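Q: The structure under discussion is supplied below as structure tokens; questions concerning it will follow.
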Amino acid sequence: MIELHRVSKVYSVGPVKVPALREVSFRIGKGEFVVLTGASGAGKTTLLRLLYRDDLPSEGDVEVLGYGLVQMRRSQVAAFRRSIGVVFQDAKLLPVRTVYENVAFVLRVLGTPRRDITARAFDALRAVGLSARAQAYPAQLSQGEAQRAALARAIVRRPPLLLADEPTGNLDEAMAGEIVDVLKDIGAGGTTIVLATHQARLAVALRRRTLTLEGGRIVKDEG
Amino acid sequence: MLGFLVGEALRDLRRAGRVAVSAVVLITLSLAALGGFWLVSSNLGHAVAKWRDRVRIVVYLKREPPGGDVAALLERVRVMPGVAGVVFIGKADALRALKQVLGKDAGVVDQLPVNPLPASLEVTPSAAAVTPEGARELLARLAVLPEADDVAGSADWVERFSHWQRLLTTIGLGVGFVLAAASILTVTTATTLILHARRHETEIMRLVGASEWTIRLPVLLQGMMQGLAGAILALGALVVTHSVVAPRLEPLVSLTLGLSQLVFFTPVGVVALLGAGTLLGGLGGWLARAAREP
């Protein structure tokens, strides 16, 4: 499903080279729920960006869902991303569209037949417990609800891989618990999940395989 | 899918607000100017074509040839290069024509002791000869006829008129081009603002794997919609102007230009104007898109 081999990433800030990842290697199998943890700046977001090919490594190979991302041509990126769901710390909901429209938007841009859109969007909203708030606008949602709406948008295409970058970063403990429960339910359906979080307690509470990043290196792979 | 893309384009237009309205107004102005010059030019073109058909060269004969020689003379002239047709007008025919022109004063002619009018040949030049050069060559050929006393006629004035028509068309194209360039820039500005307002949608679209066409098409469509709206407004303005001005001007142009009516665009012309507007808007949208691509 996911395989990284000696992946390094160095950012150039003028003449200064800033290493973000150093020789990272790991494998994640189909259906696994993996937590990627580490302090801010440890390289979690950089690693996730490489996984959905928002960026390329400076060295090493990245393979996701059978695609070699380093060799991938730009024209192939869209097709690859259709198999991946991504959620971010800031939910990135479209403010002028309702929750339902935000979720349906993804299906519409991918050309899903109109008759299927409503049913699939409401399936996704039900899966995150938000079907009652379908007509609300993002500004009317709590942060937890907004994050659940983002999750519904990410899973509405039923992708085999879900990448979540600090989805609980802005939430209090109760709300974070709700999101984690939703993620567990999604994982139970067979979706491979990579959850990046700086909240060590959350990683421990999840009791899943945890990769710990420190200074751009994987220092622990346990569980 | 197309419905979605059009819906997105309309949503973008609403977002662009006043800038989109300015772009539509500029496109309207440029196409109205271009269309106005085009209409004036095409009506003048009709007048020139009509006048070209009326150009005649008259060969005045030294004496009226006997009946048997007329046919041979006509045949000699007919085969000359640049001649489309030729008619013999005898002295008596010329006098009858003069009486018709004089109308109620025709009695004056009867006072004349002899018919002073010469016999003549009325030569219709072919299309190629209705130019200053062609007419001069034809005049020279006709002048050397042994029967010819004098040759009168020229196409210079038609050519001068035609020159003014071409000048007007060029000015129209120039003004239209400058305004069109301004419209493209305004659509580009409106689209750049739209792209900024649309950045979240674009980000999400790229993230979920939308094709480049799905991302680009709404932007291109909103530009084309601005262009089409401008073209429809310009066409409307021209229709109204034509329907108001034409009936008032027609008596004058009938008298001066010989045109019985002022024509409007043909269906092809209407489609071309609408197409030009759509193209201008689309180009503006495309330029903004291209400028923003990483």
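Q: Can you list the strands (runs of 3 or more DSSP E) found entirely within the range A:9-128 that contain at least 1 residues being farther than 20 Å from A:P159 by Cα?
A: Details: elements: A:16-28, A:33-37, A:59-64, A:84-87.
Strands (runs of 3 or more DSSP E) meeting the threshold: A:16-28, A:33-37, A:59-64.
Q: Could you say which residue among B:V239, B:V253, B:V263, B:V268 is assigned by TED's automatic domain parsing to the domain that holds B:A33, outside any helix (DSSP H, G or I), among the β-branched types (V, I, T) and within 23 Å of the chain's Cα centre (by Cα)? Steps first, please.
A: Working: B:V239 fails: outside any helix (DSSP H, G or I); B:V253 fails: outside any helix (DSSP H, G or I); B:V268 fails: outside any helix (DSSP H, G or I).
B:V263 is the lone residue from the list that is assigned by TED's automatic domain parsing to the domain that holds B:A33, outside any helix (DSSP H, G or I), among the β-branched types (V, I, T) and within 23 Å of the chain's Cα centre (by Cα).
Q: Scan the range A:86-111 for residues that are away from chain B (no Cβ under 13 Å) and closer than 28 Å to A:P19 by Cα and report the count. Step through it out loud before you land on a result.
A: Initial filter on the range A:86-111 (away from chain B (no Cβ under 13 Å)): A:89, A:98-100.
Now narrow it down to the ones that are closer than 28 Å to A:P19 by Cα: A:89.
Result for the range A:86-111: 1.
Q: Mind listing whichever residues of the range A:76-101 are in contact with a helix residue (DSSP H, G or I) (Cβ under 8 Å, 6 or more places away or on another chain) and not hydrophobic (A, V, I, L, M, F, W, C)?
A: Selection gives A:R81, A:G85, A:K92, A:P95, A:R97, A:Y100.
Q: Sticking with this structure for a sec: With the condition being under 37 Å from the mean Cα position of the chain (by Cα) and either within 16 Å of B:R56 (Cβ to Cβ) or of a type in the set (G, A, S) (or both), I'd like the helices (runs of 4 or more DSSP H) fully within the range B:72-173 carrying at least 2 qualifying residues. Break it down into steps so the answer makes sense when it comes.
A: Working: elements: B:91-102, B:107-110, B:132-143.
Qualifying helices (runs of 4 or more DSSP H): B:91-102, B:132-143.
Q: Just checking: which of the helices (runs of 4 or more DSSP H) contained wholly in the range A:130-223 hold 1 or more residues that are under 27 Å from A:L107 (Cβ atoms)?
A: On the way: elements: A:143-155, A:173-188, A:200-206.
Output list reads A:143-155, A:173-188.
Q: Continuing with this model, one more query. Run B:D53 past the list (1) at pLDDT below 85; (2) over 19 Å from the mean Cα position of the chain (by Cα) and report the number of the one that doesn't hold.
A: Condition not satisfied by B:D53: (2).
Q: Condition first: surrounded by 13 or more Cβ atoms within 10 Å (Cβ to Cβ), out of contact with any Gly (no Cβ under 6 Å at 6 or more places or on another chain) and among the aliphatic types (A, V, I, L, M). Now tell me which residues in the range B:105-126 satisfy that.
A: Within the range B:105-126, the first condition is being surrounded by 13 or more Cβ atoms within 10 Å (Cβ to Cβ), and the residues that meet it are B:106, B:109, B:115, B:117-126.
In the following step, the residues that additionally are out of contact with any Gly (no Cβ under 6 Å at 6 or more places or on another chain) were identified as B:106, B:109, B:115, B:117-118, B:120-123.
Result: B:A106, B:V109, B:L117, B:L121, B:V123.
Q: Taking the conditions exactly as written (among the hydroxyl-bearing types (S, T, Y), over 26 Å from B:L44 (Cα atoms) and in a helix (DSSP H, G or I)), does B:T188 satisfy them or not? Spell out the reasoning first.
A: On the way: among the hydroxyl-bearing types (S, T, Y): yes; over 26 Å from B:L44 (Cα atoms): yes; in a helix (DSSP H, G or I): yes.
So B:T188 fits the description; yes.
Q: For residues that are aliphatic (A, V, I, L, M) and facing chain B (nearest Cβ under 10 Å), scanning just the range A:69-85, find the one that is surrounded by the most Cβ atoms within 10 Å (Cβ to Cβ). Outline the logic, then answer.
A: Initial filter on the range A:69-85 (aliphatic (A, V, I, L, M)): A:69-70, A:72, A:77-79, A:84.
Next, from what is left, pick out any that are facing chain B (nearest Cβ under 10 Å): A:77-79, A:84.
Details: A:V77: 18, A:A78: 19, A:A79: 12, A:I84: 23.
Across the range A:69-85, the extreme among qualifying residues is A:I84.
Q: Does A:V128 satisfy the criteria of being at pLDDT below 90, within 14 Å of chain B (Cβ to nearest Cβ) and buried (at least 22 other Cβ atoms within 10 Å of the Cβ)? I'd like the intermediate steps shown before the answer.
A: On the way: at pLDDT below 90: yes; within 14 Å of chain B (Cβ to nearest Cβ): no; buried (at least 22 other Cβ atoms within 10 Å of the Cβ): yes.
Here the answer is no, as A:V128 does not meet what is asked.
Q: Could you please find all residues in the range B:237-255 being within 16 Å of B:F265 (Cα to Cα) and touching a residue at least 60 places away in the same chain (Cβ under 8 Å)?
A: Result: B:A237, B:L238, B:T241, B:H242.
Q: Look through A:L171, A:L161 and report the one residue that is within 14 Å of chain B (Cβ to nearest Cβ), of a type outside the set (V, I, T) and buried (at least 20 other Cβ atoms within 10 Å of the Cβ). Walk me through it before giving the result.
A: Details: A:L171 fails: within 14 Å of chain B (Cβ to nearest Cβ).
Within the list A:L171, A:L161, the selection yields A:L161.
The values are calculated or read from the model by the stated rules, or taken from the named source; none is laboratory data. Because the structure is predicted, anything quoted here is derived from the model rather than measured. Because the Cβ atoms are built from the backbone with ideal geometry, glycine has one as well, and the counts that use them run over all protein chains shown.
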